[in-house]
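Structure, as structure tokens:
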Amino acid sequence: MFPIIYLQRVSTMMCMKSKKIALIMGDGIGKEVIPEAKQILLTIANHTDHRFDFLEIPAGGEVWKETGQSITDASFEKLRTVDAIVLGALGIPGLPQGVAEYAVLKIRQEFNQYVNLRPIFLYEPLRDICPLKDEFIGDGINMFILRENSEGIYSKIGGKVQDRATIDTMIFTELGVKRILEFAFEFAHKKNHTRICSVDKANLLYTSTMWRSMFKELGEKYPNLEKKSYYIDAFCQWLIRAPYQFQTVVSSNMFGDIISDEAAFLAGSLGMVASANLNPSPNGISMFEPIHGSAPDIAGDNIANPIASILSIGLMMELVFADSYIGEILHHSIASVLETHRTPDIYPKIKEKPKVKKVTTQEMGKLIQNIVSNELRK
Ligand code: IPM
Ligand code: MG
């Protein structure tokens with residue numbers, strides 16, 4: 001029922017070695033939500049055999065202002081020594097466009113994190129927050145967006161070509177497309193999904209034509225999966241018309257970026273969606289982050305939703321430390337807290353007095369932590 005990935009399953013008791021976790025809080029609300037994620041890790045360490053060493057790494061807009069780099073070379077080198085990275089959000093107002101965010105793109109590319117997994121799950125208590133009417137929600141929303149995370153329009157090849165003309169280059173390599181599609185098919189297969197859909201713009205783009213034909217060809221190995229290709233425009237429409245039909249969704253870098261923000265609102269808020277930037281090779285270093293940004297408009301107000309960051313910890317425990325039980329506990333705990341307590345982004349906007357209580361970032365973190373602690377103690 002809950003969006004557990006089940007790529008690997010190993011008992012909690014086998015993981016004795018201390019794991020080194022880089023914590024990049026970044027800017028804005030990153031500094032508020034990551035401490036809540038850290039508290040959850042400390043709670044896990046309290047009640048299981050997992051042990052964590054934390055390495056705080058500065059990155060983002062403030063760092064760019066001081067050093068001219070959004071992550072310094074020395075900080076970046078330290079990331080090579082960790083078992084996993086947890087990142088908050090990057091960006092402050094008033095900087096040249098993209099300079100703060102550059103750090104996240106550098107980490108994804110240098111560590112070859114070519115898969116970006118974004119589970120979109122509507123918790124039952126949040127049906128009242130989902131902007132869709134009940135008939136469009138159907139039996140519920142539980143889909144996994146797999147976004148290609150290393151190439152496409154994110155190549156950074158281009159620039160100003162003349163006074164009034166600029167170019168961005170979209171690159172799809174056969175290797176890049178093959179590895180994300182193969183990952184997606186395997187993922188859908190292991191999850192026992194019945195359907196997989198691919199999103200492209202093959203009626204216009206050469207890159208998409210290649211993507212679509214490779215999706216068709218590689219899909220032949222999975223006769224039991226129903227495979228469907230959508231054009232991005234049509235997919236955006238179906239995403240709000242019948243989101244319950246989607247299970248595994250695979251797409252290129254930019255389309256995945258766009259559809260995951262749209263889909264996040266089906267889960268109630270950007271504050272409800274976690275992501276895993278994965279390098280699936282055995283020694284790969286992966287990064288876990290909420291999909292929301294640094295939200296300067298609410299930074300410092302203690303009202304940001306920490307759930308996406310806490311869910312990122314669930315993804316890390318499952319995908320890097322092979323313990324999906326922790327992810328399951330986190331989901332149950334969050335589901336239970338949502339029955340009674342909400343941060344402002346998921347607080348009901350209705351005329352009569354809501355039955356749930358509005359809470360701060362820290363209160364939400366603490367409520368989840370308490371249940372996790374009780375559950376793990378059992
Ligand atoms: C995301 C973000 C990033 C992206 C930005 C910050 C570069 O929007 O993780 O979805 O486009 O990948
Ligand atoms: Mg995005």
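Bear in mind these aren't lab numbers, they're just calculated from the coordinates by the rules spelled out. Here the structure is a predicted model, which is why all the values come from computation and not from measurement. Neighbour counts are summed over all protein chains in view; Cβ atoms, including those assigned to glycine, are modelled from backbone coordinates with ideal geometry.
Brief remarks on what is shown
- Fewest-first ordering of ILE303, ILE29, ILE346, ILE196 by other beta carbons within 10 Å of each residue's beta carbon gives ILE303, ILE346, ILE196, ILE29.
- Gaussian network model of the chain, Cα within-10 Å springs - most flexible of ASN149, ASN302, ASN192: ASN192
- For SER281 and LYS156, the difference between the fully extended length at 0.36 nm per residue and the C-alpha to C-alpha distance is 42.5 nm.
- Gyration tensor verdict on the chain (Cα atoms; rounded if a/c is under 1.5, prolate if a/b is larger than b/c, oblate otherwise): rounded
- Net charge in the neighbourhood of HIS47 (other residues with Cβ under 10 Å of its Cβ; Lys, Arg +1, Asp, Glu -1) is 0.
- Within-13-Å neighbourhood charge of ARG212 [Cβ basis; K, R +1; D, E -1]: +2
- For segment 120-125, 3J(HN,Hα) computed residue by residue from phi via the Karplus equation (6.51, -1.76, 1.60; θ = phi - 60°) reads 10, 9, 8, 5, 3, x Hz, glycine and proline entered as x.
- Residue exposure sequence - VAL372, VAL161 - by fewest surrounding Cβ within 10 Å: VAL161, VAL372
- Checking the cross-link pairs LYS78/LYS160; LYS20/LYS65; LYS31/LYS358; LYS349/LYS378; LYS19/LYS156 against a 25 Å limit on the alpha carbon distance flags LYS78/LYS160; LYS20/LYS65; LYS349/LYS378; LYS19/LYS156 as lying beyond it.
- Shape call, segment 226-378: gyration tensor on alpha carbons, a/c limit 1.5: oblate
- Sites ALA45 and TYR206, calculated FRET efficiency, Cβ-Cβ separation with R0 41 Å, nearest 0.05: 0.25
- In this structure the amide hydrogen of ILE120, modeled in the peptide plane, comes within under 5 Å of the amide hydrogens of MET143, PHE144, ILE145, none closer than 5 places in sequence on its chain.
- Karplus-derived 3J(HN,Hα), 6.51/-1.76/1.60, for each residue of segment 129-140, Hz, glycine and proline x: 9, 4, x, 8, 5, 3, 5, 7, 7, x, 6, x
- GNM result for the chain, Cα springs below 10 Å: residue of MET317, MET364, MET210 fluctuating most strongly: MET210
- Using θ = phi - 60° and Karplus 6.51 cos²θ - 1.76 cosθ + 1.60, couplings along segment 165-171 (whole Hz; Gly, Pro as x): 9, 10, 9, 10, 9, 9, 10
- Anisotropy class of segment 131-266 from Cα gyration tensor, a/c 1.5 cut: oblate
- Centre separation in Å (Cα based) which lies between segment 269-284 and segment 108-148: 13
- Which of SER208, PRO96, HIS193, positive extreme of dipole for the chain (C-beta unit charges): HIS193
- Largest GNM mean-square fluctuation among ALA59, ALA335, ALA242, using the chain with Cα springs under 10 Å: ALA242.
- Placing a pseudo-label 7 Å from each Cα along the Cα-to-Cβ vector at ILE240 and ASP134 gives an inter-label distance of 2.2 nm.
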